[in-house]
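Heads up, the thing below is written out as structure tokens.
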Amino acid sequence: MNPSPRRWLMIGFAFWATAINYMDRQTLSVAAPLLREQFHMSNTEYSRVVFAFMLAYTVMNGVSGPVIDRLGTRLGYALSIAWWSAAAVLHAFARGAISLGAARFLLGMGEAGNWPGGVKVVAEWFPERERALASGIFNSGSAAGAILAPPAVAFILLTFGWPAAFVAVGSLGFLWLAFWWPIYRTPEGADAEAARPVPARQLLRSRFVVSLTISKIFMDPVWYFYIFWFPEYLKHARHFDMAAIGKYSWIPFLVAGLGNYAGGWFSGYLLRRGWPLTAARKTGVTFFAVLMASAIPAVLVDDAWVSIALVSLAMLGYTGALANMLSMPADVYPPNAVASIWGIASMGSGFGGMLTTLITGWAVDHFSYTPVFFGFGLMPLICAAILWMFLGPLSRRPGAAS
């Protein structure tokens, strides 16, 4: 691939799509303390609303990836963001836990297309040595969106009410579409391959795809916990009010944003030092997975600010690990398969997210946040072990199963 300077503009689109994706997702997290009081929801009922999102997200990951591979990046990405933006606006019409859960379900259906789309942009535009960094750049949009959401949503919510917050944030996706549609084009070298997507059943026979999918069961639910439950943790365990949540809950996401670049730089540094690709990527995941164990002391310390600092380190670990995992499909398969692979693998993260969300609500209602933080501190180490033991070498192969 001959790198084009336009690749940085294209990854910028993926960055902002991811930022908007997380602003839409985080709007509920910030508004949750108020909505739970208004709709009289317990932790268990709130976990079911989150579960509705995760259920749709899990199923549609397996659909959105192959659809984007078939339709192409431009149209596939556009349809995804149009769907989830409309669903985000629909939250404003919720009148109870059931209607709120329905809106979350629709949001999950659309948001499932973001990462397959972003991974496909990376595969189409970036060479091997830049993929982890490019993946980190677009994935750092998740941190940017999570940083922007708490103060913005808290301000709109306190000034105009919670329905206005959902409408305002949901409308951003349509603004993104106004720029994406006339500008994005697939680079010339990827056009022929894009017309021949690899069948999903063929990918499901691949050791690489199966191992990546299982590994994500233990990695991504940690991030979902921080996204959906951290404001609740600050309110009920650390006794923050709504203003304080809006003022401080973005800090771990700012630190997490740095992890995207650190993760991409780390494996790139190892490659420049002559490390094999497989060792560089897997070592990157492992190093940052170890940092995620800081979630365990975060729940044990008395000082709320020390707890926030440790959670920040854990979230930096997640994004650093993910920057390396996001680049793996393009390390092994051509661009015509990467959206499908990431979509299939993300079904693993969705399944893990559904299960751990219900466990989290039950554990908090019956015990406390302590066992939850312990579990989420240990799960990333299982992910790293799976990658080392079962994923196999990262070397370019045809679409055939391995």
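A compact table of results
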{"read-out": "Among the residues listed as ARG196, ARG207, ARG238, ARG273, the single one being at pLDDT below 90 and of a type in the set (Lys, Arg)", "value": "ARG196"}
{"read-out": "Residue within the stretch 56-66 that is of a type outside the set (A, V, I, L, M, F, W, C), closer than 30 Å to HIS366 by Cα and modelled with pLDDT under 95 present", "value": "yes"}
{"read-out": "Hits in the stretch 214-254 - residues which are of a type in the set (A, V, I, L, M) and either touching a residue at least 60 places away in the same chain (Cβ under 8 Å) or within 21 Å of THR44 (Cβ to Cβ) (or both)", "value": "ILE214, ILE217, MET219, VAL222, ILE227, LEU234, ALA237, MET242, ALA243, ILE245, ILE251, LEU254"}
{"read-out": "Pairs, first more than 11 Å from GLY113 (Cβ to Cβ) in the stretch 66-89, second part of a helix (DSSP H, G or I) and charged (D, E, K, R), C-beta under 6 Å, six or more apart", "value": "ALA88/ASP24"}
{"read-out": "Options LEU90, LEU100, LEU75; residue that is assigned to a helix (DSSP H, G or I), closer than 23 Å to ARG6 by Cβ, at pLDDT 85 or above and more than 20 Å from the chain's Cα centre (by Cα)", "value": "LEU75"}
{"read-out": "Residues (within 11 Å of the chain's Cα centre (by Cα) and assigned to a helix (DSSP H, G or I)) located in the stretch 103-115", "value": "GLU111, ASN114, TRP115"}
{"read-out": "Meets criteria (assigned to a helix (DSSP H, G or I) and of a type outside the set (Val, Ile, Thr)) for MET54", "value": "yes"}
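The values are calculated or read from the model by the stated rules, or taken from the named source; none is laboratory data. Bear in mind the structure is a predicted one, so any value in this text is a computation, not a measurement. Every residue, glycine among them, receives a Cβ derived from its backbone with ideal geometry; neighbour counts consider all protein chains shown.
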